Ligand SMILES: [Ca+2]
């Protein structure tokens, strides 16, 4: 059995927190979530395109709050969803930092009209106004339904502002559920290291 906490729990680094309800000696409920405290945690500034109101339960900063979404469903408070639109988020640091990778997860569930993005673009800026494209990566189409890890590695970049764009899949093609309608895009925690 773990330690009993009675106030806020300070965490650093990466790990899993499990909260367990115990009555007598019997475990009646247990919930776990994974977290990572990195350079980008708590640093999100804005969305240029807000998430769909139906899928923004975790709020505007759910994508950099250090907590990862569910491994099995995109309907929890950590996954944010856009219908037919791109994910376009800005992260600002107090001063320039150097980083060499960006990780996140995208959900693939074509039966529910949810598709991986076409590509991810990283823009950087020193003033938060003028951004330049630093790197771009195509995203492989999803195969199995569920969350798919995306990792972007590049030679170290130094910048104060990051703008990340995940380009929506677009219109769903013929022969698939939702054909002719715009695809949904679901994005989990974004980690900059
Ligand atoms: Ca999160």
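Across the range 52-71, the number of residues qualifying as closer than 19 Å to residue 92 by Cα and away from the ligand (no atom under 11 Å from the Cβ) comes to 1. Of the residues examined, residue 104 is not one that is within 16 Å of the ligand (Cβ to nearest atom), more than 11 Å from the chain's Cα centre (by Cα) and closer than 27 Å to residue 176 by Cβ. Based on this model, can you work out whether residue 186 counts as more than 16 Å from the ligand (Cβ to nearest atom), surrounded by 13 or more Cβ atoms within 10 Å (Cβ to Cβ) and assigned to a strand (DSSP E or B)? When the stated conditions are applied, residue 186 does not pass them. Of the strands (runs of 3 or more DSSP E) contained entirely in the range 95-168, those carrying at least 2 residues that are in contact (Cβ under 8 Å) with a residue 40 or more places away in the chain fall at 119-125, 146-167. Selection of first residues in the range 59-75 that are touching a residue at least 60 places away in the same chain (Cβ under 8 Å) and under 12 Å from residue 106 (Cα atoms) and of second residues that are near the ligand (Cβ under 7 Å from one of its atoms) and not in a loop (DSSP other than H, G, I, E, B), restricted to Cβ pairs under 9 Å at least 6 apart or on distinct chains, gives the following pairs, ordered by first then second residue: 69/62.
Sort through 31, 43 and tell me the only one that's within 14 Å of the chain's Cα centre (by Cα) and away from the ligand (no atom under 12 Å from the Cβ). Walk me through it before giving the result.
Details: 31 fails: within 14 Å of the chain's Cα centre (by Cα).
Just one listed residue meets the conditions, 43.
The number of residues in the range 72-100 that are within 15 Å of the ligand (Cβ to nearest atom) and either at pLDDT below 90 or under 26 Å from residue 156 (Cβ atoms) (or both) comes to 3. For residue 143, the conditions (1) away from the ligand (no atom under 16 Å from the Cβ); (2) at pLDDT 95 or above all hold with the exception of (2).
The values are calculated or read from the model by the stated rules, or taken from the named source; none is laboratory data. Values in this document were obtained by computation on a predicted structure and should not be read as measured data. Note: ideal-geometry Cβ built from the backbone for every residue, glycine included; neighbour counts use all protein chains shown.
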